[in-house]
Amino acid sequence: MPLGWNSSNAVRLIALAAVLVLGAYWAGSRWGTRPPTSVAAIPTASQTPATSDLTPEEANNVKIYHEAAPAVANIVTRAVEYDFFFNVVPVEGAGSGFVIDPRGYILTNAHVVQGAQSIEVTLGDQSRYPAKLVGADPRNGIALLKIDPRGKNLVALPLADSRALRVGQRVLAIGNPFGFQSTLTTGVVSALGRTVQTSEQTFIDEAIQTDAAINRGNSGGPLLDSHGRVVGINTAIFAPTGTTAGIGFAIPIHAAKQIADDLIREGRVRRAYLGVDTTALFPGLAEALSLPVEEGLLIERVVPGSPAAQAGLRGGTLAVIAGMRRILVGGDVLVALDGQPIANQLDMNRLLNRKRPSDHVRLTIYRGRQKTDVEVTLGER
C-alpha cells in the first residue's frame, strides 16, 4: 500500500511493510537446505546456441544473455552469529552483482553484504574470487566490491543513461534467485520516478519499476535494456502477500554510477549538506502556530557555520510541547527546493540526494507569513 502521494511530481511512496529487499539467507537447519548455487547447464562462450530458428526478439535475448552473463556475479557472504544459548551459528547470505570495471570492481546492493565477515564472488564462468568491500552507501542501497582478477581480462557490463528510459521499453534481469546462478527473466519498464522506501534509513529515489520476475537472491543484479546495457540494479519487490506480484524495483544506474565513482576515487560518498534540524508540519501544529501553510519543514535549529547559516536561514527561538515532543518554534518554514515541494523529511532527503556538494540551490521559505526565496551553496558531509 502507498505511504502517500505527492501530486506535484507524481511520486508514489511504496509501503515499507510490503517491500522486500531481495537478499537470501541461510543459517544451518533454521532456514532449511541451501539451494544450489550453480547449474551445470549454464551456457559458456563455446555453448552459444544457434539463433536461426528464433524470432528477432528471442535472438536478441539470447545474444544479450550470452554477452552479459559472464559479468554477473553470484555473491556469497559469511558471518557468525550467536543463538539464545550463545552457541555459534554460521550464517550465509547470497545475492547478485555485476562487474562494472575490468580491474575487478563489482556493484551490488548494500544489504547483500551488510554484516559480512567474508565475501566470495563467483562469475558466470564459475571462476571464484575472494572480494573486499570498497565502501557502501546504505542510504541509497549501494555497495562496491573489489576482486583481484589475477591477470584475467574480466568482462565489464556497459552502463546506459537510465534517465533516457521510457515506460514500455523491454528490459532483462540476470541474477541468482534462490541460488540458481545466471537466471534470465524478461519484462518491460512498468513505471518510472517511484520513491521506494526499503527500510527506515534506505530509499530508492527515481526507482525503475518492472514486471520482469525478480526474487530473493536477485538483489544487486543488473537490469539491462535491449542493447545489453545496464539501466538499473535490481533491489526490491512489492509483495503485500509475501510473494512476488510482478512489481519489482531497480536503482537507476546513473545514480549508482555516481556513488561508485566516489567510492573508487575517495573510498566514501560525497553527500550534499545543508545544515538544519527540522520537524515536519501537520495541520494541527500549523494551526496552533498560526502558520500560513500546513505542509513543510519547520526549521528548529541551524548548524553554526553551515551552508544554511551562511545563507541566513533562521531556527526556532521558543520551546513548546507538541504531543510528547519538545519543539523549537519561531524559525523559518521550508516548503520547496528548486521549485520542488517539500512536505516531509523524506522529500528533503530525496531532493538533496540528487545534489552534489557546491551545487547552488534555491530554497523557498516562509518567514512569519512572508514567502521568500533564499539562494544556498550546498556543503559536503
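Since every read-out is calculated from the coordinates, none of them should be taken as a lab result. Only a predicted model underlies this, so the values are computations on that prediction, with no experimental measurement involved. Reconstructed Cβ throughout: ideal geometry from the backbone, glycine too, with neighbour counts over all protein chains shown.
Based on a Kirkwood Rh over C-alpha pairs, give the Stokes-Einstein translational diffusion coefficient of the range 272-380 at 37 °C and viscosity 0.692 mPa s in µm²/s.
238
What spacing in nm lies between the two simple spin-label points modelled at ASP53 and ARG78, each 7 Å away from Cα in the Cβ direction?
Between ASP53 and ARG78, the simple spin-label model gives 4.5 nm.
Please report Rg over Rh for the range 257-313, where both radii come from the alpha carbon positions and Rh follows the Kirkwood definition.
On the way: Rg = 16.8 Å, Rh = 13.9 Å.
Taking Rg over the Kirkwood Rh, I get 1.21.
On alpha carbon coordinates alone, what is the Rg over Rh value for the range 162-253, Rh being the Kirkwood radius? Please list the in-between numbers first.
Values: Rg = 12.0 Å, Rh = 12.8 Å.
Rg divided by Rh gives 0.93.
Which order do the peptides 354-365, 330-341, 216-227, 94-105 take when ranked by the mean count of other beta-carbon atoms within 10 Å per residue, highest first? Could you put the intermediate results ahead of the total?
Details: 354-365: 15.5, 330-341: 18.9, 216-227: 26.2, 94-105: 22.7.
My ranking of the peptides, most packed first, is 216-227, 94-105, 330-341, 354-365.
Please say if the range 84-142 is rounded, prolate or oblate, where rounded means a/c under 1.5 for a ≥ b ≥ c the square roots of the C-alpha gyration tensor eigenvalues, and otherwise the choice is prolate for a/b larger than b/c and oblate otherwise? Provide the component values of the computation, followed by the final result.
Numbers: a/c = 2.62, a/b = 1.49, b/c = 1.76.
Judged from the Cα gyration tensor, the range 84-142 comes out oblate (a/c at least 1.5, b/c at or above a/b).
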